């Protein structure tokens, strides 16, 4: 790590917290769009979303260790453009992937009819890449005073 260790710790803590809350929000939106089993699930689902989001952020931080190797680290930390593109592409995939034809057939449990949904691997990949881009956001350098 470069620079002031306290600055690095503060920045990484903020990016991990933002990644967690973003993951939680996306998880909850996906749940609201798909399932509702009554008041009990409405009470328990935010806790399940927190557990799933925490595990997803930990997985993303583990995968982000690859970004610490010298050749990759130079490219990744040179500009936040790579992380921003990663997050933007993931959000576009999650928002418009079904319209772009990245689909699968699912079953509506209430009606028993087949419905076209975003492919599950595309949804999971977009979710994890989005979280990884935010959690591993490059640390900006402070100007020495």
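Return yes or no: is residue 134 surrounded by 11 or more Cβ atoms within 10 Å (Cβ to Cβ) and either without any contact (Cβ under 8 Å) to a residue 60 or more places away in the chain or on the phi > 0 side of the Ramachandran plot (or both)?
Here the answer is no, as residue 134 does not meet what is asked.
So that you can scan it fast, the table gives a plain yes or no per residue for (1) touching a residue at least 24 places away in the same chain (Cβ under 8 Å); (2) surrounded by 10 or more Cβ atoms within 10 Å (Cβ to Cβ); (3) under 19 Å from residue 19 (Cα atoms); (4) out of contact with any helix residue (DSSP H, G or I) (no Cβ under 6 Å at 6 or more places or on another chain):
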{"site": "80", "(1), (2), (3), (4)": "yes, yes, yes, yes"}
{"site": "87", "(1), (2), (3), (4)": "yes, yes, yes, no"}
{"site": "93", "(1), (2), (3), (4)": "yes, yes, yes, no"}
{"site": "101", "(1), (2), (3), (4)": "no, no, no, yes"}
{"site": "112", "(1), (2), (3), (4)": "no, no, no, yes"}
{"site": "124", "(1), (2), (3), (4)": "no, yes, yes, yes"}
{"site": "139", "(1), (2), (3), (4)": "yes, yes, yes, no"}
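In the range 68-114, the residue that is farthest from residue 26 (Cα to Cα) out of those that are in a strand (DSSP E or B) and modelled with pLDDT under 90 is 107. If the condition is being touching a helix residue (DSSP H, G or I) at 6+ places or on another chain (Cβ under 9 Å) and in a helix (DSSP H, G or I), then the range 33-57 contributes 41, 45, 46, 48, 49, 50, 52, 53, 54, 56, 57.
The values are calculated or read from the model by the stated rules, or taken from the named source; none is laboratory data. Computed from a predicted model, the values in this text were never measured in an experiment. Glycine also receives a Cβ, built like all others from the backbone with ideal geometry; neighbour counts cover every protein chain displayed.
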